[in-house]
1. Any residue in the stretch 322-340 that is open to solvent by 50 Å² or more (accessible area, probe 1.4 Å), among the β-branched types (Val, Ile, Thr) and touching a strand residue (DSSP E or B) at 6+ places or on another chain (Cβ under 8 Å)?
2. What about Ala57, is it among the hydrophobic types (A, V, I, L, M, F, W, C) and either closer than 25 Å to Leu27 by Cα or surrounded by 22 or more Cβ atoms within 10 Å (Cβ to Cβ) (or both)?
3. Within the stretch 187-203, track down each residue that is open to solvent by 10 Å² or more (accessible area, probe 1.4 Å) and either touching a helix residue (DSSP H, G or I) at 6+ places or on another chain (Cβ under 6 Å) or in a helix (DSSP H, G or I) (or both).
4. Using the structure shown, decide if Ala126 is more than 24 Å from the chain's Cα centre (by Cα), modelled with pLDDT under 85 and farther than 30 Å from Phe7 by Cα.
5. Has the stretch 70-79 got at least one residue that is open to solvent by 20 Å² or more (accessible area, probe 1.4 Å) and modelled with pLDDT under 90?
6. Just for the stretch 554-574: of the residues that are of a type in the set (A, V, I, L, M, F, W, C), under 28 Å from Met240 (Cα atoms) and modelled with pLDDT of 85 or more, which one is farthest from the chain's Cα centre (by Cα)?
7. Can you list the strands (runs of 3 or more DSSP E) found entirely within the stretch 398-507 that contain at least 3 residues being open to solvent by 40 Å² or more (accessible area, probe 1.4 Å)?
8. Considering every residue within the stretch 254-264, establish whether at least one is under 23 Å from Pro322 (Cβ atoms), at pLDDT below 95 and not aliphatic (A, V, I, L, M).
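The values are calculated or read from the model by the stated rules, or taken from the named source; none is laboratory data. The shown structure was predicted, so the numbers you read here are calculated from the model rather than taken from an experiment. Here the Cβ is made from the backbone with ideal geometry for all residues, glycine too, and neighbour counts use every protein chain on show. Just so you know, the surface numbers come from the protein's heavy atoms only, side chains and all, with ligands and any DNA or RNA stripped out. Shrake-Rupley method; radii C 1.70, N 1.55, O 1.52, S 1.80 Å.
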Amino acid sequence: MLADDDFLAIFRSHVAEFGDQPALVQLDFPGTDANGLAMTYRELDTAARRVAAWLVANSVPGERAVLLFPSGCQFVVGFLGCLYARTVAVPAPMLDTGGRGTIRLAGILADADAHVVLTDAEHHDAVSAWLTGEDTASAVACGATDLLAAGTAEIDLPVLGEQDDIAFLQYTSGSTSEPKGVMVTHANIAHNQAEIHRALGTDRSSHSLGWLPHYHDMGLIGQFLGPLYLGSTCYFMSPMTFLKRPHLWLKAISDLRIPFSVAPNFAFELVTRRVTDEQLAGLDLSCLRSVLNGSEPVHADTLDAFVTRFASAGLAPHTPFPCYGMAEVTLFATGSRGGTVVSRRVDVAALERNELRPATEDATGTTLVSSGTAGEIDVRIVDPDTGMALPDERIGEIWLRGRSVAAGYWRQPELTSRTFRASTADGEAGFLRTGDLGVLSDGELYVTGRLKDVLVVNGRNLYPHDIERAVRREHPALAAGAGAVFALGERDDRLVLVHEVKKSLADRTEDELVGLLRAAVRAEFDVHLTQVVFVPPGGIAKTTSGKVRRAAVRQAFLADRLTRVPLTPAGAVR
C-alpha cells in the first residue's frame, strides 16, 4: 500500500480479495442497546454502493451530506457511500433525545450548506421532523441507508475524481455559532493511513477494537477507517457503553485477542480507577500490542498508573503508544516508534523560560512524555511572534507540513491562509500553525500545552494542565473530576479555578477545601487562586475526545452561566 493510493481503491482490492471476511463487528453486551450487527467487506461495499447510487440521484458531486447516525455499521456505510459518489461527507453527532446539541448541529448544517442528510431507518422520522423545523435555505433530502432498494446498486457511479477533491468536512469542537469544518481530501486520508501504518507496523492481522464517537477525527480515521485500509476487522462498542461500564473495553480486547486500540487520556485514567480487582483477575491483555494515546500533552503519571494497574493481566510496559495529531492534519502527525515510550525529567524553571533542560537534584522537576517522531510529515518549532524557526531544546509553536495536512477550513479563506499557509521568517512556506506548544529533542516531539491557554504570571509561562493535575491530587472529591484554570484577563495575574465535584466532603468544610487548594497551588507554582468555583460532574466544557475547553469555561464564568455546587459546612453537597 502506497501513500498515493486512493483509499477506495485499496478498500475495493480488499473486497475483491477476501470479501467474506468481517469488516465491521458491533459488540453486543447484555443490558446495552447495541444490536450486535456485523458486515463483511462485500456486504459493506454493496451497501455503500447503494447509498452512492441514491446520492447520485439526489445530489451532484461535491454536494455536502450530513451523516447523522448512532454508533454502528450504518455510519460507515453512509461515509463510504459518500466517497463513492464523490459527495462530501459531514460526520456529525446524532440528535440527542433530550434536545441537547441541536444548536451545534444546526450550525454545522447551515455552515456546510448541506442539502442532503443520511441517517438510518430507526431515526429517519425523528431526523426528518427536526429538518422540517429548521429554517434551511432550500429543501434537504433525507435518506435512510438501510432502507435503500437493492436495485439501486446497479446505477452507474461517477468516475473517481482527483485525489485533491474534498472527501469530508471534520467539524472541530468550538463555538456553536462559529463552527469550523476542516476540509480533508481523498489524498489526505490515504497519506495519513499510510503514516499510521508505518508507525505502528500493522498488517492484515492487526484487528482493532474501540468505543470512540464515529464523528470525531480519532474515531473516524483511527478506529473505523484504519482497519478498512489494512483489510483487517474493526470491532467497536458504543461510547455510552464504555462510559457506563469501562471494564468492558478491556474485557472485549482480552476475549477477542485484539492487538490494537485507540483512546484519549481520560480513558486510561477511567479504567485504571474503576476496573475492580475481580474484573482485573479475568483479563488477559498479553495480546495487546499498542493503545494510541493522542493527548496534548501525554501525562507520565497516567501511563505509569495504567501500566502498573494492568501488569498482572499481562499488559506490556510499552503498550501505551503516545502520539500527536489533530483534525487539521487528518489525524496523526507523530508517534512513538520501536516499542519504546521516551520520557525526560526536566527543570520546571527552564520550562517557564521556554527551554528544555535536565532537572538537577536541587531543582524542581517534572516529567515530559514524548509524542514520538515524525515520518513523512515535516515538524518545526517556531517562535509564534517572529516566525523564526527555533533550535532543539527551545519551546515554541508546533508547525507541520506534508501531504496529511488538510486543505483548510471550509469557506473561511482568511483563517485558512493564516493557519494553513504559514511561512517561516526565512521564507519556507506551506506550514500548518497548530496552536500547540512543543519542543524537539533528538527528533522526539514533546507537546507542552496550547498557545492560547498559557498563563503568563509575573513573566513566567505556566501551563494550566499542570495546575489542574496538582489540584486533583489534593482531595478525593476532586480526583475523578475535571478542572479548568484560567486568567481573568489576557494580561492578568488573577487566576480562577473551576472544578467538578464528584463526592461530598466528609472531612472538611468548603472554606477549608478552598484554603487547601490555594496553599497547594501557591507552594508548587508560587501563584494565587483568586477565585475557586465548584461545579457538578459534567459542568466543565470538553471536546468530544475529553479535552477541557478552558476558553469556553472562562466565557461561562465571566457571563455567570456556571452551575455552582455550594458545599455545606458539614461537608454534604446541597
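1. The answer is no, given that none of the residues of the stretch 322-340 is open to solvent by 50 Å² or more (accessible area, probe 1.4 Å), among the β-branched types (Val, Ile, Thr) and touching a strand residue (DSSP E or B) at 6+ places or on another chain (Cβ under 8 Å).
2. Numbers: among the hydrophobic types (A, V, I, L, M, F, W, C): yes; either closer than 25 Å to Leu27 by Cα or surrounded by 22 or more Cβ atoms within 10 Å (Cβ to Cβ) (or both): no.
So Ala57 fails the test.
3. Step one: of the stretch 187-203, the residues open to solvent by 10 Å² or more (accessible area, probe 1.4 Å) are 187, 196-203.
Residues satisfying the conditions are Ala187, Ile196, His197, Arg198, Ala199, Leu200, Thr202.
4. Values: more than 24 Å from the chain's Cα centre (by Cα): yes; modelled with pLDDT under 85: no; farther than 30 Å from Phe7 by Cα: yes.
Criteria not met by Ala126.
5. Filtering the stretch 70-79 down to residues open to solvent by 20 Å² or more (accessible area, probe 1.4 Å) leaves 70-71, 74.
Checking which are modelled with pLDDT under 90 leaves us with 71.
Within the stretch 70-79, one or more residues are open to solvent by 20 Å² or more (accessible area, probe 1.4 Å) and modelled with pLDDT under 90.
6. Initially, the stretch 554-574 is screened for residues of a type in the set (A, V, I, L, M, F, W, C), giving 556-559, 562, 565, 567, 570, 572-573.
Narrowing further to those that are under 28 Å from Met240 (Cα atoms): 556, 562, 565, 573.
So of that shortlist, the ones also modelled with pLDDT of 85 or more come out as 556, 562.
Values: Ala556: 23, Leu562: 25 Å.
Residue satisfying both the conditions and the ranking: Leu562.
7. Numbers: elements: 432-441, 444-450, 455-457, 460-462, 483-487, 495-500.
In the stretch 398-507, there are no strands (runs of 3 or more DSSP E) which contain 3 or more residues that are open to solvent by 40 Å² or more (accessible area, probe 1.4 Å).
8. yes
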